[in-house]
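In what follows, a structure is listed as structure tokens, so that the remarks can point back to it.
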Amino acid sequence: MRKLEGIVRMVLGVAWVLGTSSVLVLVLLVLLPFRGARIRVCNVYGKIVSPPILWIARANLTWHDRERIELHKPALYISNHTSMTDIFLGMMLLPIGGVGIAKKEVAKIPFYGWAYRLSGHLLIDRSNRETAIAGMKETAEIVKHHGMSIWVWPEGTRSRDGRMLPFKKGFAHLAIATGLPIVPVVVTNAHKNWAKHTMTAFRRTAIDVKVLEPIDTGGWTEDNLHEQIRRVEDLMAAALPPEQRPAPRLEDGAA
């Protein structure tokens, strides 16, 4: 019975995303010459499409200091990533005039991926370091020109067990290039709601979303990059329950 319910919920979710994405694609085609307008339209789309999907996925959300999202924009928002749930949370939270960064494989998803490609948001080829760096520089220029925010999942992939993974350096390079403050968003229990590599296993889950105090990046340089990344990791880990905190690092004495 639970499996059947999961299938029904998935069908409803797919129908909702396909229907709304089809309309969105038509709007984006009309706005093709205007990248800033396309990005903002997609921000609005994210706020419309996400709440029903989170309801379908049986996510019961509790917010902590959500007002910091708007209060500190423009900003570089970063979040831990354990579930498809996180993607819709990010779409719902990203302020109007914010740009997202996704791996290029997202563009292959029917309707949703096509809309993303047209959206003006950035696709990164993580298999090619030079292309990825060029993409980061392009993002920094767009953000500075339009006064936009950025949303990034710095782990680079979803965690299988809910534990926070080591952060990639890309978000820190973006912080230096844009001068934006970092606003960490810590999501608890999303991996129990909609686990990685599952499409129908939705579990009713209480999910906490904590928006932490902004981190000033004015003093960040290439020379202190490692220390700054470690500082952000530690702040976010402290806001997670023990079972979602990163595995001990070797330099911390792990075997």
Just give me the residues in the range 52-63 being in contact (Cβ under 8 Å) with a residue 40 or more places away in the chain and surrounded by 15 or more Cβ atoms within 10 Å (Cβ to Cβ), in sequence order. Ile53, Ile56, Ala57, Arg58, Ala59, Leu61
Exactly one condition in (1) surrounded by fewer than 17 Cβ atoms within 10 Å (Cβ to Cβ); (2) modelled with pLDDT of 75 or more; (3) basic (Lys, Arg); (4) not in a helix (DSSP H, G or I) is false for Lys144; which is it? (4)
Lone qualifier among Ala140, Ala107 - being in contact with a helix residue (DSSP H, G or I) (Cβ under 9 Å, 6 or more places away or on another chain), among the small types (Gly, Ala, Ser) and without any contact (Cβ under 8 Å) to a residue 24 or more places away in the chain: Ala107
Among the residues of the range 43-65, how many are over 14 Å from Lys192 (Cβ atoms), among the basic types (Lys, Arg) and in contact with a strand residue (DSSP E or B) (Cβ under 6 Å, 6 or more places away or on another chain)? 0
Residue check, Ser22 touching a residue at least 60 places away in the same chain (Cβ under 8 Å), hydroxyl-bearing (Ser, Thr, Tyr), out of contact with any Lys or Arg (no Cβ under 9 Å at 6 or more places or on another chain) and surrounded by fewer than 20 Cβ atoms within 10 Å (Cβ to Cβ): yes
Some residue of the range 92-113 being assigned to a loop (DSSP other than H, G, I, E, B) and hydroxyl-bearing (Ser, Thr, Tyr): no
The condition from (1) at pLDDT 80 or above; (2) surrounded by fewer than 19 Cβ atoms within 10 Å (Cβ to Cβ) that Phe88 misses is numbered (2)
All but one of (1) more than 18 Å from Val187 (Cα to Cα); (2) under 14 Å from the mean Cα position of the chain (by Cα); (3) in contact (Cβ under 8 Å) with a residue 40 or more places away in the chain hold for Leu94; state the number of the condition that does not hold. (1)
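Kindly indicate whether Ile101 is within 10 Å of the chain's Cα centre (by Cα) and surrounded by fewer than 21 Cβ atoms within 10 Å (Cβ to Cβ). Step through it out loud before you land on a result.
On the way: within 10 Å of the chain's Cα centre (by Cα): yes; surrounded by fewer than 21 Cβ atoms within 10 Å (Cβ to Cβ): yes.
Answer is yes for this residue.
Quickly run through the range 25-41 and pick out the residues that are touching a residue at least 12 places away in the same chain (Cβ under 8 Å) and not in a helix (DSSP H, G or I).
Taking the range 25-41 first, the residues touching a residue at least 12 places away in the same chain (Cβ under 8 Å) are 25, 27-29, 32, 35-36, 38-41.
Correct list: Leu32 only.
This table checks each residue for (1) of a type in the set (D, E, K, R); (2) crowded, with 21+ Cβ neighbours inside 10 Å; (3) under 28 Å from Asp208 (Cβ atoms); (4) modelled with pLDDT under 90.
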{"residue": "Leu94", "(1), (2), (3), (4)": "no, yes, yes, no"}
{"residue": "Ser119", "(1), (2), (3), (4)": "no, yes, no, yes"}
{"residue": "Leu122", "(1), (2), (3), (4)": "no, no, no, yes"}
{"residue": "Gly135", "(1), (2), (3), (4)": "no, no, no, yes"}
{"residue": "Trp153", "(1), (2), (3), (4)": "no, yes, yes, no"}
Can you tell which of Val14, Val44 is surrounded by fewer than 14 Cβ atoms within 10 Å (Cβ to Cβ), part of a helix (DSSP H, G or I) and aliphatic (A, V, I, L, M)? Val44
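The values are calculated or read from the model by the stated rules, or taken from the named source; none is laboratory data. Quantities reported herein were computed from a predicted structural model and do not represent experimental measurements. Neighbour counts run over all protein chains shown; Cβ positions are idealised from the backbone, glycine included.
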